[in-house]
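The values are calculated or read from the model by the stated rules, or taken from the named source; none is laboratory data. Nothing here was measured: the structure is a model prediction, and the numbers come from that model. When we count neighbours, we look across all protein chains shown, and the Cβ atoms used for this are built from the backbone with ideal geometry, even at glycine. Side chains are part of the model used for accessible areas, which takes the heavy atoms of the whole protein and leaves out ligands, DNA and RNA. Shrake-Rupley method; radii C 1.70, N 1.55, O 1.52, S 1.80 Å.
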Amino acid sequence: PAQLGAEVAAGALVVDIRPSDSRDREGALEGALILERTVLEWRLDPTSAHRVDGMRDPGQRVVIVCNEGYASSLAAAALRDLGLTNVTDLEGGYRAL
């Protein structure tokens, strides 16, 4: 969590995969792209016709954020399986900030 600001300053894409009720209850993560977990792979896969704007480089730094760091670890692994080479997750999730 202490490194998140430096990651953002270096150009990392921060992706908040928390459900809307969690974001409503606990707050938004300023500057994060919101992609719920159910659509994550096809929205970040650089080869997908439905990817988010700017996601063309499989080496782009991506930091996945969930509530406590569990779902984000699995999500980051799934994105690495798709060929994204510079993906990580926020240890401890949003609640660690």
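In table form, for the structure just shown:
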read-out	value
Backbone HN-Hα couplings from phi across segment 28-38 [Karplus 6.51/-1.76/1.60, Hz, Gly and Pro as x]	8, 9, 3, x, 7, 7, 9, 9, 5, 4, 5
Cβ-defined net charge surrounding S22, 14 Å radius [Lys, Arg +1; Asp, Glu -1]	-1
Amide hydrogen neighbours beyond the local backbone of V14, cut-off 5 Å, H modeled	L33, V63
S72, S20, ranked by accessible area, largest first (probe 1.4 Å)	S20, S72
Per-residue SASA entry for Y94, accessible area with 1.4 Å probe, Å² rounded to 10	40 Å²
Dipole magnitude of the chain, debye to nearest 20 (Cβ charges: Lys/Arg +1, Asp/Glu -1, about Cα centre)	120 debye
In Å², nearest 10: area of T47 left accessible to a 1.4 Å probe	120 Å²
Once the Cα gyration tensor of the chain is diagonalised, semi-axes √(5λ) in Å	20, 15, 12
Among I34, I64, I17, residue whose mean-square fluctuation peaks in a GNM of the chain (springs only between Cα atoms under 10 Å)	I34
Gaussian network model of the chain, springs between alpha carbon atoms under 10 Å - residue of A77, A49, A32 with greatest fluctuation	A49
Distant-in-sequence amide H partners of D89 (H built 1.01 Å from N, under 5 Å)	I64
Listed residues D45, D16, D57, most fluctuating in the chain (Gaussian network, C-alpha, under 10 Å)	D57
Integer Hz, Karplus 6.51/-1.76/1.60 couplings in order for segment 78-84, x for Gly and Pro	5, 5, 5, 4, 7, x, 6
Longest site-free stretch - the chain; sites: GluC sites (Glu not before Pro), DSSP loop, at most 15 other Cβ within 10 Å	37-67
